[in-house]
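Encoded as structure tokens, the structure appears first; notes follow it.
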């Protein structure tokens, strides 16, 4: 497929190819190291390399970025890994709560996530909402280059090739949030990206009222590379697709809440079972052997209309015959023959 994007690395021995599964872990490690050294905001976050790695794994899962064949690497002629670029389908329904553990550990990380989320909120009507809501927007969450090949065009070649891959795979737009001036320059100058929103880390005030990014002396942008124009991205359809994103996001949040409640109930039930006092087992006896005495005086047999031992006429004299009156002499006998 022909496109307006083409690249020619300064180092002609360099090749750009899809990231292999066996390269994923190393690229994650390189991304974690890059956070510590090249990203001016994340350098200030004060997180450990393991924390950065957890963030990279969550942002660039293998299933979404490598198994799909979207992510790219730059290799030397002998196959050595030189640079990488993680790519995945843009997910407009991903929630900031997915990163709550990272946000809890670092106020800087929480501020950065809030800043980027706010940039998208403010720029939403200028973005290709139709493509974002229908899986036709490609997202570049992070990339990195080995220090030994800086200045040799690997970063530029990867990003321009990403635009070609997006076109080849049927995407209409590409979104990225560069926090480094050099990468923002590549996206805008060589890939035709448009800055849809930008905020300074020095002046950003969080909802909590603090300035969590102050001191990093950087800025964060939302850059969009429009690859092709399609009807679904027309202005007339934007309210419909925006409503779709809002509704599906609400459903996802409700499902998460339901799952959280289910886990809480299960944990509470488990905890209650652990602390419940033991119940003594009861002996099993037959009904005939059971004592059903309620403690009340036993009623005289005569009040029951005669029984096995008393006369059925006078109700007091001993019975001398079966089912017939006895020969008692206690007075007039009613019904006697």
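No lab work stands behind these numbers, since they all come straight from the coordinates. Note that the structure is a prediction, hence the values are computed from the model and not measured. Heads up, the Cβs are rebuilt from the backbone with ideal geometry, glycines too, and the neighbour counts pull from every protein chain shown.
Quick look at the numbers
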read-out	value
Extension reserve of the residue 150-residue 203 stretch, reckoned as 0.36 nm per residue once the Cα distance is removed	16.0 nm
Ellipsoid semi-axes in whole angstrom, largest first, where each is sqrt(5λ) of the Cα gyration tensor of region 15-257	26, 23, 17
Inter-site label distance for residue 195 and residue 262 at 7 Å from Cα along Cβ, in nm	4.6 nm
Residues of region 41-79 with amide N under 17 Å of a point placed 7 Å along Cα→Cβ from residue 211	41, 44-45
Likely footprinting exposure, 106, 117, 148, 216, fewest C-beta neighbours within 10 Å first	148, 117, 106, 216
Relative exposure of 231, 185, 180, 139, judged by other C-beta atoms within 10 Å (fewest first)	231, 185, 180, 139
Sites residue 26 and residue 228, calculated FRET efficiency, Cβ-Cβ separation with R0 41 Å, nearest 0.05	0.75
Among beta bridges that DSSP assigns inside region 15-257, antiparallel share in %, nearest 5	85 percent
Extended-chain gain in nm, criterion 0.36 nm per residue less alpha-carbon gap, residue 250 and residue 105	49.6 nm
Percent RCO, i.e. relative contact order, over region 15-257, from Cα pairs under 8 Å lying at least 6 residues apart	22 percent
